[in-house]
Amino acid sequence: MLQPESILQEECLCRMEDELHSVREFRSNGGKTLGYLCRGFPPSLAAGLGFRPLRVLQEATIEMEDRGGKLVRQDICPLIKVFLGGIDSGKGLFGLIDVWMGLATCDQTRRCFFALADMQDVTVHHIQLPATRSESAARFYSDQLQQFCFDCRDLYGFEYSRKRALDYSIDLWNAGDILRKAVLSRHISPLDLHWLFHLYLIADPAGLTEILLDLLDRADLYSPDHMIAIAGGSLALEDTWLLQALQSRNAGIIPLHCAGLQLVPFGGLNEFPSAGTVEELADGAFRSIRCARSRSNAEMFQYIQDSIADTSCDGFILKTLKFCDLWYTERERFRSCMSVPVLVLDTSYGEGEVERQRSRVDAFLETIAL
Ligand code: SF4
């Protein structure tokens, strides 16, 4: 488990352990958890069905990557290897998942979820997240999630409750708004923000707003020399070397990736929920994706350009995961169309790798400081 380096992070770790404890209690009382990887899935929909949704972006270590790497081809992205290694080990959050949302977002996730269905007697619901950005694609996605609700009624006897889904999504929205303000305040360090967002990924949102306000009240104030926007693949909990490198050079972050600001009401994303219907949640999640995999992904580029301008960032870092071509193939376009200096980092979770990349970050920050 990642070691906390500040009071806020220690508190976050305690809160995360409290959440895991409440998840175990929930399961021991007959409840079912639903695990998911991609931000394209609306957790409020799972809550509406009675699941405890958990976005599993943890255990991202070289050991877990190696373990998962034994189960799949080598040219698979490290996050997928960690995912399969985590399930194979049953460690941490992975051991607390009853049902997986098998959202296929690329060839690798598709193969991964089918491999998973063979690996263990864990139920995987296979759903295709369309890359095409069109009305019919949005409807196709919504219809699949509606069918998922029907399947859950038949398989688990779960009835969808609009009120439960709406209450959950309103609590999530309000807590997310606190995180948005924390980022834009520029007074919270990159690592503290990272821990807060990861608490947000697994916490029950009921009462989370007050918890976040209390944690932020006691955070060490940070005053960065430069602001760096970060985008690319999702940043798992243990994947902190880039944030440590930036923080050690007193740089602040605008986390534009899908485990950061894409989750909260920022940049025109994530409207305030009003109905709690399957359609509203599916449509809201689909329209709030700002991912390189989208066709076209012009909205993603616009979101990053606007966010860099609106937050007066001095530089942009595209952090991709090895073998994840979704983002890496766009590197030249990023270099040519961003209004600030761009650094592209193609990464995995290996130690040696981190040292090499860290010196590139230092050099990048020096160019910005000039
Ligand atoms: S990078 Fe794209 S496909 Fe991958 S988890 Fe994030 S939103 Fe989903």
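The values are calculated or read from the model by the stated rules, or taken from the named source; none is laboratory data. Since the structure is predicted, the reported quantities are computational estimates derived from the model, not experimental observations. Neighbour counts run over all protein chains shown; Cβ positions are idealised from the backbone, glycine included. Side chains are part of the model used for accessible areas, which takes the heavy atoms of the whole protein and leaves out ligands, DNA and RNA. Shrake-Rupley method; radii C 1.70, N 1.55, O 1.52, S 1.80 Å.
In the chain, helices alone account for a calculated mean residue ellipticity at 222 nm of -16500 deg cm²/dmol, with every DSSP H run of four or more residues adding -39,500 (n - 2.57).
Peptide packing: for 231-240, 185-194, the average count of neighbouring Cβ atoms within 10 Å per residue gives the ranking 231-240, 185-194, highest mean first.
Atom-type composition of the exposed protein surface of segment 261-370 places 52 percent of the accessible area on carbon and sulfur (1.4 angstrom probe).
Computed on segment 163-369, with alpha-carbon pairs under 8 angstrom and 6+ residues apart, the relative contact order is 23 percent. Close amide H contacts of W100 (hydrogens built in the peptide plane, cut-off under 5 Å, sequence separation of 5 or more or a different chain): G35, T123, V124, H125. Structural size metrics of segment 225-325, computed from C-alpha coordinates, are Rg and Dmax of 14.7, 46 Å.
Applying a 4.7 Å cutoff between beta carbons, the unpaired cysteines of the chain are C12, C14, C38, C106, C112, C149, C152, C258, C291, C313, C337. Using modelled backbone amide H atoms (1.01 Å from N, in-plane), which distant-in-sequence or interchain residues come within less than 5 Å of L343's amide H? Amide H neighbours of L343, under 5 Å, 5+ apart: F316, I317, L318. Gyration tensor analysis over the Cα atoms of segment 18-76 returns equivalent ellipsoid semi-axes of 27, 15, 10 Å (largest first, whole Å). Across segment 204-213, computed HN-Hα scalar couplings (Karplus, 6.51 cos²θ - 1.76 cosθ + 1.60, θ = phi - 60°) run 6, x, 5, x, 5, 4, 5, 4, 5, 4 Hz from first to last residue, x flagging Gly and Pro. By definition, a body whose alpha carbon gyration tensor gives a ≥ b ≥ c is rounded when a/c is under 1.5, and the chain falls into this rounded group.
Proximity of backbone amide H atoms, modeled 1.01 Å from N, is registered between I253 and I228 at under 5 Å, excluding neighbours fewer than 5 places apart on the same chain. You can think of it this way: the chain between L155 and E5 has 49.6 nm of extra reach, that is 0.36 nm per residue less the Cα-Cα gap. Working note: Karplus 6.51/-1.76/1.60 with θ = phi - 60° gives segment 56-68 the couplings 9, 10, 9, 6, 7, 10, 5, 4, 5, 5, 5, 4, x Hz, where Gly and Pro are set to x.
Summary of the geometry: segment 41-90 and segment 106-134, compared by the centres of their Cα atoms, lie 12 Å apart. Hey, which lysines would be in cross-link range of K81, C-alpha to C-alpha under 22 Å, not counting anything within fewer than 8 residues on its own chain? Qualifying lysines at Cα under 22 Å: K70, K91, K319, K322. Rounded to the nearest whole Hz, the Karplus-based 3J(HN,Hα) values (6.51 cos²θ - 1.76 cosθ + 1.60, θ = phi - 60°) of segment 283-297 follow the sequence 5, x, 5, 4, 6, 9, 6, 10, 10, 4, 6, 5, 10, 7, 9, with x at glycine and proline.
Counting protein heavy atoms only, segment 1-149 has 50 percent of its accessible area on carbon and sulfur, 1.4 angstrom probe.
Solvent-accessible area per residue in the chain equals 39 Å², computed with a 1.4 angstrom probe and all protein chains kept. At the listed q of 0.11, 0.21 Å⁻¹, the Debye profile of segment 1-115, built from one uniform point per Cα, gives log10 I(q)/I(0) equal to -0.39, -1.22.
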